[in-house]
Amino acid sequence: MSGVQSTAGDVDVDLRQLFASLARNWLRLVLFSVAVTALAFVLTSLATPKYRAETRLLIETRESVFTRPDGSGENERPILDEEGVTSQVEVVGSTDILKQVAKKLDLASLPEFDAASEMSTISRLLVIAGLKSDPSELPPEERVLKAFREQLTVYRVEKSRVIVIQFSSADPKLAAAVPNAIAEAYLDFQRGSKLESSTEATDWLKPEIADLNKRVRDAEAKVASFRAQSDLLVGQNNSALATQQLSELSSELSRVRASRSAAEATAQSVRQALRSGGSIDAIPEVLSSGLIQRLRERQIQLRTDIADLSTTLLPNHPRIKALNSQLADLDVQIRSEAEKVLVGLVNEANGADLREKQLVADLNRLKVESGRVSEEEVELRALEREAAAQRALLESYLTRYREAASRQDRNYLPVDARVFSTAIVPSEAYFPKVVPIVGAAFVGSLLLMAIFTLLQELFSGRAMRPAAGARVTPVTQVAMPVRRAADLPEEDAPRAWVEDEEPAVAVQLDTADADGEPQTLVDAQHDYDAQSDSDVALEPAAEQVQAPAHGGISIETAAEKLIASGAARAIFVSPEGDDAAATAVLVAREVADSGLRVLLLDLTASGAAAGPMLDGGRYPGITNLLASEAQFTDVIRADHYSDCDVMPVGTADPARAMRAADRLPIIMESLTTAYDLVVVECGPADAGEITRLVGDGTEVLVSFLHHDDEIAYVADGLRAGGYEDVILVTPVGHDLPTTPEPTRSAA
């Protein structure tokens, strides 16, 4: 049975007592720290001093604007990104470079680089025991490289193109000589790589250039041969002769057509002037005739003479008549000359028409020729493109070959790195640092010993003190009415409880105290537990009457029945209201104590079932879930006094929540899937009101404190509503814990 967990054994850590242990054990702390410090001082004094030196390389492009290959601009230089610099770090520490440096400095002859010659006694014993490999089994070269790598550090400075080469040794001169030798070997390696690359380039370009020369000659020969066979003569502006002639004939035809149109228009205007007898002086072509101009001048002169003689002579004078006769002949001559001009214009128009026809014929012929030439020019251009591509490739190869050959001959191979900081002989050893090591040993040992002392004091229990409020006054448990052994049914039958029809003292579980203040079920139960033996009169078992025929089963029996039947839902109806809501709580805790996953869903209006399980706190619950204000993880909480989970009523508006009551079956189905048993406390309800809660594996139970006609009426109503197996359950006679937590409530 789920009981209330006692806090009488709750304790707190007494920090004052805990840290006072340090003062009590100060001598042990100091002695231990001094011993460790002295040991550290001795070890650092006996340690061989180590010296460290470093050389710094800068990875950059060493090509200048004067030596850069022709055609490569500033933006075409190789990009030395982070990956490229990291790759150079690996090259610096490569085995080939280390072998060259080791051979150059004769490191194999130094005892520092021969682990087999400097083995300590402990190391020899470990080798004999097989716990350590024998260094003498390795070749001398590998032993040197292994010791070399252990003392060498090569890394890239973050966010830069600087490579640092560090080397540590017991010899300060060797510590400075090794990184400088590695940097020099690296530059020689890079220079040799570039020389090898240039040699390979010239060896590859030479036969390629010879082959390209032959292919360029063949391509250009094909172009010339095809041009001659196709009669594709080139005129001005590198265009075909037929195309150029076609363009010229088109221009000439346009000019002839314009001339013909102008001649026809002028002839038409002269013809109209002659037919209508109008003046022909306004026609430019007539006026441009030299003869007509002279006749007009003569005409003007005669009119001037007639005007002069008319001042002295009469009109019938022979002289004036002769002049008038000459003037009339001049008009006839002028019209005759105008007609000749008209004939000339007509002839000019006819000539232009004939010229136009001839040009049109020539133009049509050239169109056909130009079409043929255009088709052949397509193939010619393809041959020319091939020849141009081969020529461009040949020229680029020749340029690269000359550059590679010149660099190889002049031995100019700039390395993309330079040493900007060489290693110098260090004057001070970097290891061991006596003061920092001794100080760290003292502080560390003091701290470790203090922690050990605190843990020892804590685990011994001397630093513990009772928690606040842990001491409580024992509460006398009130005995419940007992059962008559003669009236007890079989194990599987419902257990009847018996009490006197008129008990001396009735257990009051009203929801109001003596002052009229609201009192919860939890408070009423505490009042019940606090009653003394003198206030309760229990009848002897022999004088008790038999239980009613419709008596209820106990909490334990109800829990056993739910577990045995494998019920998934237990619907509790409490006709007496909040007073009997404790039945669902006790049954849920009893089932949870058996190891099943149990959830209690509180559907009472006042939250009487979930309140005692959560110490009266108001939390989101089923109303918030129905109103879509919370999720399952927000509304499910743990019972403070058992392994049971609780879903309280909630804090949302009940009216708003009931508008979504259709979601209740879905919620019940989800809870049934997640839990072995879902206990629902409905309060006073009938068969119709619990319809949405019923599903597969449902047991309906009626909880009561006093069996009367109302309880029987409710049970009969549920049976009439389709729930035949209605179980009556009562908490009366259930043993309650005698030492509840002083700061919590127990249902």
Would you mention how many residues in the range 689-727 are open to solvent by 80 Å² or more (accessible area, probe 1.4 Å), over 26 Å from Glu669 (Cα atoms) and touching an Asp or Glu at 6+ places or on another chain (Cβ under 9 Å)? 2
Matching residues in the range 434-458 - criterion: being in contact (Cβ under 8 Å) with a residue 60 or more places away in the chain and either of a type in the set (S, T, N, Q) or open to solvent by 80 Å² or more (accessible area, probe 1.4 Å) (or both): Phe442, Ser445, Thr453, Gln456
Filter the range 684-699 for residues that are touching a helix residue (DSSP H, G or I) at 6+ places or on another chain (Cβ under 8 Å), among the small types (Gly, Ala, Ser) and farther than 13 Å from Ala570 by Cα and give the result. Ala687
Out of (1) under 30 Å from Glu395 (Cβ atoms); (2) over 44 Å from the mean Cα position of the chain (by Cα); (3) of a type in the set (Ser, Thr, Tyr), what's the single condition that is false for Ser193? (2)
Of the residues in the range 307-327, how many are closer than 30 Å to Val270 by Cα and either outside any helix (DSSP H, G or I) or open to solvent by less than 50 Å² (accessible area, probe 1.4 Å) (or both)? 2
Filter result for Met668 (at pLDDT 85 or above and closer than 22 Å to Pro575 by Cα): no
Hey, among the residues in the range 620-633 that are open to solvent by 70 Å² or more (accessible area, probe 1.4 Å) and not polar (S, T, N, Q), which one's nearest to Ala660 (Cα to Cα)? Glu629
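Taking the criterion of being assigned to a loop (DSSP other than H, G, I, E, B), open to solvent by less than 30 Å² (accessible area, probe 1.4 Å) and closer than 19 Å to Thr673 by Cα, would at least one residue in the range 583-602 satisfy it? Before you say what the answer is, go through the steps one by one.
Step one: filter the range 583-602 for residues assigned to a loop (DSSP other than H, G, I, E, B), giving 594-597.
Those still in the list that are open to solvent by less than 30 Å² (accessible area, probe 1.4 Å) too: none.
Within the range 583-602, none of the residues are assigned to a loop (DSSP other than H, G, I, E, B), open to solvent by less than 30 Å² (accessible area, probe 1.4 Å) and closer than 19 Å to Thr673 by Cα.
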Matching residues in the range 373-386 (touching a residue at least 24 places away in the same chain (Cβ under 8 Å) and open to solvent by 60 Å² or more (accessible area, probe 1.4 Å)) number 3
If we ask which residues in the range 641-666 are touching a Pro at 6+ places or on another chain (Cβ under 9 Å) and either surrounded by fewer than 22 Cβ atoms within 10 Å (Cβ to Cβ) or in contact (Cβ under 8 Å) with a residue 60 or more places away in the chain (or both), their number turns out to be 3
Given (1) part of a helix (DSSP H, G or I); (2) farther than 18 Å from Ala582 by Cα, number of the condition Ile711 does not satisfy: (2)
Touching a Lys or Arg at 6+ places or on another chain (Cβ under 9 Å) and exposed (fewer than 13 other Cβ atoms within 10 Å of the Cβ), is that true of Phe431? no
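Quick check on Glu248: is it of a type outside the set (A, V, I, L, M, F, W, C), closer than 30 Å to Ala228 by Cβ and modelled with pLDDT of 75 or more?
Details: of a type outside the set (A, V, I, L, M, F, W, C): yes; closer than 30 Å to Ala228 by Cβ: yes; modelled with pLDDT of 75 or more: yes.
Considered against the rule, which asks whether it is of a type outside the set (A, V, I, L, M, F, W, C), closer than 30 Å to Ala228 by Cβ and modelled with pLDDT of 75 or more, Glu248 comes out as yes.
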Assess whether Asp81 counts as being closer than 24 Å to Pro414 by Cβ, of a type in the set (Asp, Glu), surrounded by fewer than 13 Cβ atoms within 10 Å (Cβ to Cβ) and at pLDDT 90 or above. no
Hey, any hits in the range 106-113 for a residue that's at pLDDT below 90 and assigned to a loop (DSSP other than H, G, I, E, B)? yes
Which of the residues that make up the range 132-183 are within 18 Å of Val89 (Cβ to Cβ) and over 45 Å from the mean Cα position of the chain (by Cα)? Val178, Asn180, Ala181
Any residue at all in the range 689-706 that is without any contact (Cβ under 8 Å) to a residue 24 or more places away in the chain, more than 26 Å from Ser554 (Cβ to Cβ) and not polar (S, T, N, Q)? yes
Would you call Glu629 assigned to a loop (DSSP other than H, G, I, E, B) and not hydroxyl-bearing (Ser, Thr, Tyr)? yes
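The values are calculated or read from the model by the stated rules, or taken from the named source; none is laboratory data. Fair warning: this is a prediction, and the values are worked out from it, not measured in the lab. Every residue, glycine among them, receives a Cβ derived from its backbone with ideal geometry; neighbour counts consider all protein chains shown. All accessible areas refer to the heavy atoms of the entire protein, side chains included, with ligands and DNA or RNA removed. Shrake-Rupley method; radii C 1.70, N 1.55, O 1.52, S 1.80 Å.
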